[in-house]
């Protein structure tokens, strides 16, 4: 059985999923530009990881803590990354093992940028629907930091995502010097709602990247 409790500490706000038999490792998950930590995908992912023994912390980014609706401001991106770093630190105080850092869309992008800026902050990355470029503008890639990412990453991406095709994403992740995998979700768009995929398979790959197989 997994215990889910509200979490609030030092600017970190969200929900903590505590497994009965923790494996020692943990995962921090955050949301996209239009959502919050109660997003169904994040709740389901946290449940899948905690069922496998990982302690999961899903958190609201600082911009969402300030207001319940509305998109983030580019001027606040650094503060959002700082909030993610605090979330990882908060989970480090709870678990003794390695940590996966990840999120959906905007949250995942901030996670990758944070990992590039702070090597060693987390041991792996999990990105749902990475926003590779604005829809219809493939020349505006959001990958400048990819060559500085030094930890393994798993990209879960829909084949109908307007923020980047599977081919574009696979080409982009080749610039990451650490091991990466792209899990294509057939028929899914940016919200991943239309495609069916097994979160259990995501957990297996992520655990493998942490060396927990």
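Throughout, read-outs are computed from the coordinates displayed, never taken from laboratory work. All figures in this text were calculated on a predicted structure; none of them were measured in a lab. Quick reminder, even Gly has a Cβ in these numbers, built from the backbone with ideal geometry, and neighbours come from all protein chains shown.
Values as computed for the structure displayed
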read-out: Evaluated at q = 0.08, 0.12 Å⁻¹: base-10 log I(q)/I(0), Debye formula over Cα of region 2-209; value: -0.23, -0.53
read-out: Additional length obtainable on full extension of the chain from residue 148 to residue 44, 0.36 nm per residue less Cα span; value: 34.4 nm
read-out: Whole-number percent relative contact order across the chain, with pairs defined as alpha carbons under 8 Å at least 6 apart; value: 16
read-out: Of 161, 198, 117, the one that fluctuates the most in a GNM where the chain has Cα springs shorter than 10 Å; value: 198
read-out: All-pairs Cα distance distribution in region 110-177, expressed in whole percent, bin size 5 Å; value: 3, 18, 29, 27, 15, 6, 1
read-out: Label-point separation in nm, residue 139 to residue 21, each point 7 Å along Cα→Cβ; value: 5.7
read-out: Contour excess over end-to-end distance, with Cα ends at residue 2 and residue 174 and 0.36 nm allotted per residue; value: 58.2 nm
read-out: Length released on extending from residue 10 to residue 51, taking residue separation times 0.36 nm less the Cα-Cα span; value: 12.1 nm
read-out: Hydrodynamic radius (Kirkwood) for region 1-114, which is based on Cα pairs only, to one decimal in Å; value: 13.7
read-out: Ranked packing of 31-39, 19-27, 45-53, 107-115, most packed first, by mean Cβ within 10 Å; value: 107-115, 45-53, 31-39, 19-27
